[in-house]
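To start, the structure under review is shown below, and the notes come after it.
Every number here is computed from the coordinates shown, using simple stated rules; none is lab data. Predicted model, so just to flag it, every value in this text is computed and none were measured. Quick reminder, even Gly has a Cβ in these numbers, built from the backbone with ideal geometry, and neighbours come from all protein chains shown.
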Amino acid sequence: MKRISFFAWGVLVYNIFVIVFGAFVRATGAGAGCGSHWPLCNGVVIPRSPQIETLIEWTHRLTSGVTVLLIFVMLLWVWRVAWGEKKLRYAVLGSVFFILVESLIGAGLVLFGLVGENASMARAISMMAHLVNTFMLLASLTGVAWFATFTFSSEIRNAKRVSGWLLGALGMLILGASGAIAALGDTLFPSSSLLEGLRADFDPLAHFLIRLRVFHPAIAVAVGGYLIFFIRYLVSREMSPWLRKIGYGVITLIITQWVLGIINVITLAPVGIQLFHLLLTTLVWIGYVIIGIFCWRGSHFSLRISEHPIHDGVNGTPA
């Protein structure tokens with residue numbers, strides 16, 4: 001189980017890299033770099049004398065393909081040595097399902113021309129679906145890594161806490177979808193100045209992607225505020241040092257995201273800040289998923305890769 005645990009955490013980290021690189025493809029307009037071909041790139045496996053856009057898109061497809069391979073290796077590994085672990089089995093099956101959906105959405109974006117300078121409603125909806133599915137994939141991968149590392153009680157601790165967590169998770173999905181729209185609008189309709197951008201945001205004749213991006217900051221404040229309130233509520237009623245550390249880590253990331261969002265608006269959404277913003281978003285989501293596991297399974301757990309249960313140093317009480 002120790003090797004599966006390390007492998008699962010590695011797959012999760014690698015997937016974060018692929019997600020951020022995918023945002024780089026969108027931010028640079030390189031999504032059409034391989035034309036309307038999929039899975040081939042401009043009709044060939046390896047493009048010859050590629051332009052920079054083609055090279056970026058081809059690299060994204062290659063790294064995404066490696067993700068699919070890694071997840072199927074993880075599936076086979078769990079099937080061989082830990083298929084009887086119900087939570088681990090469900091998490092790895094979820095990972096397989098969502099990576100396949102992720103691939104289909106990516107293929108659809110290319111085959112239907114929803115890349116490059118396309119500013120249609122279909123692309124906007126596809127981008128939101130892409131982001132939500134990515135979050136579900138991250139949640140599943142986090143579950144695999146966590147359940148391969150720790151054992152939990154199968155009993156739900158507190159229905160109210162679970163309901164509170166689910167409300168926050170729904171908020172995160174809505175926030176992520178609005179962020180995808182805002183990022184797409186910034187990419188396709190860049191502003192030459194902050195004032196021009198603000199005017200366009202409230203112009204009733206502006207493109208819908210411009211008018212929609214103004215909702216993202218408001219949603220970020222509302223959802224972030226709720227998450228902070230909910231996490232502080234949990235921490236105040238739970239003795240687990242790990243929940244406390246992870247919870248306050250997520251709160252710190254949320255506040256950092258607010259500051260980074262302001263900087264992103266003021267500096268007119270440069271690519272580097274967009275990517276860092278997305279990176280922190282994935283970390284917030286992963287941390288919140290782990291908090292959700294605490295809500296569902298409780299804080300009494302033991303470390304699989306250790307010979308003995310975790311005691312006061314992790315749980316606050318014996319496992």
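What to note about this one:
- Where Lys245 falls short, out of the listed (1) surrounded by fewer than 15 Cβ atoms within 10 Å (Cβ to Cβ); (2) farther than 21 Å from Trp296 by Cβ: (2)
- Looking across region 100-134, the residues that are in a loop (DSSP other than H, G, I, E, B), touching a residue at least 60 places away in the same chain (Cβ under 8 Å) and of a type in the set (A, V, I, L, M) come down to Val115, Ala119.
- Residues of region 214-243 classified as part of a helix (DSSP H, G or I) and either in contact with a Leu (Cβ under 7 Å, 6 or more places away or on another chain) or without any contact (Cβ under 8 Å) to a residue 24 or more places away in the chain (or both), total: 12
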